[in-house]
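Single-structure report; data block below.
Derivation of every value follows stated rules applied to the coordinates shown; laboratory data play no part. The model shown is predicted, which means the values in this text are computed figures rather than measured ones. Heads up, the Cβs are rebuilt from the backbone with ideal geometry, glycines too, and the neighbour counts pull from every protein chain shown.
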Amino acid sequence: MRETFTRWYPEADWPAQSLIVVAALARPELVVEVEALIAVPRAV
């Protein structure tokens, strides 16, 4: 992540981020749960 963010945001203005590990997902039959927010860098 550090390598990619350094390339995408060379001025070190990284977007907020978080990562947590949980014991279980919202529903037992789910294998993966993803929530995302995408930021597109401004054109230079």
**Fill in**
In segment 2-21, anything assigned to a loop (DSSP other than H, G, I, E, B) and among the β-branched types (Val, Ile, Thr) is listed as Ile20, Val21
**Message:** For segment 22-44, give me each residue that is over 15 Å from the mean Cα position of the chain (by Cα) and either outside any loop (DSSP other than H, G, I, E, B) or not hydrophobic (A, V, I, L, M, F, W, C) (or both).
**Reply:** Arg27, Pro28, Glu29, Arg42
**Message:** Step by step: first the residues of segment 1-25, then only those that are of a type in the set (S, T, N, Q) and within 16 Å of Ala36 (Cα to Cα), then the one that is surrounded by the most Cβ atoms within 10 Å (Cβ to Cβ). Which residue is that?
**Reply:** Gln17
**Fill in**
Log entry, pairs with first residue in segment 16-40 being in contact (Cβ under 8 Å) with a residue 24 or more places away in the chain and closer than 26 Å to Arg2 by Cα, second being surrounded by 10 or more Cβ atoms within 10 Å (Cβ to Cβ) and not β-branched (Val, Ile, Thr), beta carbons closer than 8 Å, six or more apart or on different chains, reads Ala39/Pro15
